[in-house]
Structures are given as structure tokens and as C-alpha cells.
Amino acid sequence: MKQPALSLLGKRILIVDDEPDIREFISYYLSKRGFSVATAADGAEGITLALKFEPDLVILDVLMPGLNGFETCMHMRSDERFDNTQIVFLSALTQSYSKDLGFRMNADAFITKPVRMELLVRKIEQILSEKAFLQVTNEAARLRDSTSA
């Protein structure tokens, strides 16, 4: 199994899905790829765990009992502690309005189930790499601005 770029090894991913088989399968696959993974069975548990685990990225199912994925995303996006957390919806919903709603909630991606694991991993790596690039770029600009002032 191919390992992610060295800069992505150990990145923390939280999987929030009410289906145990899906949580277990994705967790196993991502762990083998070098990511640190935690799982939650619903939105409320996911938020509680995210506060402790501090994930770099959250994979959210949409259709879950209790807090659904959209509600969970809305809660996380309204909490500044999750400002640097990327969110990817992974859902059986295929309607364009579901995807539109996910992006209006500032999700970073919306992927439909069933998904090939290689596609999911590539998307995760892309999102985390873009985030790392933006952080480095912003820090360089900040340092440049502070030295020229």
C-alpha cells in the first residue's frame, strides 16, 4: 500500500458514520496509509471526540441518527476551535441539492458512497496538502510583512 507524502504521515482523521462496517473499513485503510484515525458513531459523539482528538480532517456521513452530518458540520463550522479542521462529506445521498448544501456549509469535499478507497485517500491527501501549502504561504507572507515593517 502506498504511503502518503511524508508531511501527511500522522495527520489526524476522524470518521463519523453510524455504520460500524464503514467506520472500521475506512479506519483500517487510512491507518495502513499512515494516518492517525479515530471514529465516532454519530454527530454528537463526533463533536465530543473532535474536541479531544483535534483532527486535521473529519469524514462525515450525512444520514445519521441524532445530529446528522449537516448539523454536525454546522456546529463545527460555528466553533472557532475547528477553524483549521477540514470536513469531507461521505454520503449515499447523490442529489445535487445535498452536495450544494454541503458546500454552502463550507465542506471541503462531498463524496458519494460507495467510494473506491484510493479515490477517498487521494482526495484526503489533496485537501491536507492544499491546507499545508496555504499555511506555509501565509506564514511566509506574515514573516515577510513583519521584517519589512
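Which of (1) at pLDDT 95 or above; (2) in a loop (DSSP other than H, G, I, E, B) does N106 not meet, given it meets every other one? Failed condition: (1). Here the range 23-51 is the region considered, the condition is being in contact with a Pro (Cβ under 8 Å, 6 or more places away or on another chain) and among the small types (G, A, S), and the residue that is nearest to R12 (Cα to Cα) is A38. Evaluating A50 against the criteria (1) aliphatic (A, V, I, L, M); (2) crowded, with 19+ Cβ neighbours inside 10 Å; (3) at pLDDT below 90 leaves one unmet condition, (3). Taken as a whole, the condition of being under 19 Å from D21 (Cα atoms) and modelled with pLDDT under 90 does not apply to K99. Pairing residues of the range 37-48 that are farther than 16 Å from S91 by Cβ with residues that are of a type in the set (G, A, S) and surrounded by fewer than 18 Cβ atoms within 10 Å (Cβ to Cβ), at Cβ distances under 6 Å and at least 6 apart in sequence or on separate chains, gives V37/S31; A44/G66.
If you go through the range 7-22 one residue at a time, do you hit one that is closer than 18 Å to R122 by Cα, out of contact with any Asp or Glu (no Cβ under 7 Å at 6 or more places or on another chain) and assigned to a loop (DSSP other than H, G, I, E, B)? Scanning the range 7-22, I find at least one residue that is closer than 18 Å to R122 by Cα, out of contact with any Asp or Glu (no Cβ under 7 Å at 6 or more places or on another chain) and assigned to a loop (DSSP other than H, G, I, E, B), so the answer is yes. Scanning the range 56-79 for residues that are part of a loop (DSSP other than H, G, I, E, B), among the charged types (D, E, K, R) and under 14 Å from A44 (Cβ atoms) yields a total of 2.
Filtered by the rule that a residue be exposed (fewer than 14 other Cβ atoms within 10 Å of the Cβ), closer than 20 Å to D83 by Cβ and modelled with pLDDT of 70 or more, the range 127-149 gives a lone residue, E130. Listed by first and then second residue, the pairs with beta-carbon distance under 8 Å, at least 6 apart or on different chains, first residue in the range 58-77 and surrounded by fewer than 21 Cβ atoms within 10 Å (Cβ to Cβ), second at pLDDT 95 or above and in a strand (DSSP E or B), are R77/I87.
Residue-level check: of (1) of a type in the set (S, T, N, Q); (2) modelled with pLDDT under 95; (3) within 17 Å of I13 (Cβ to Cβ), T112 misses just (3).
The values are calculated or read from the model by the stated rules, or taken from the named source; none is laboratory data. Because the structure is predicted, anything quoted here is derived from the model rather than measured. In this analysis, Cβ positions are derived from the backbone assuming ideal geometry, glycine residues included, and neighbour counts consider all displayed protein chains.
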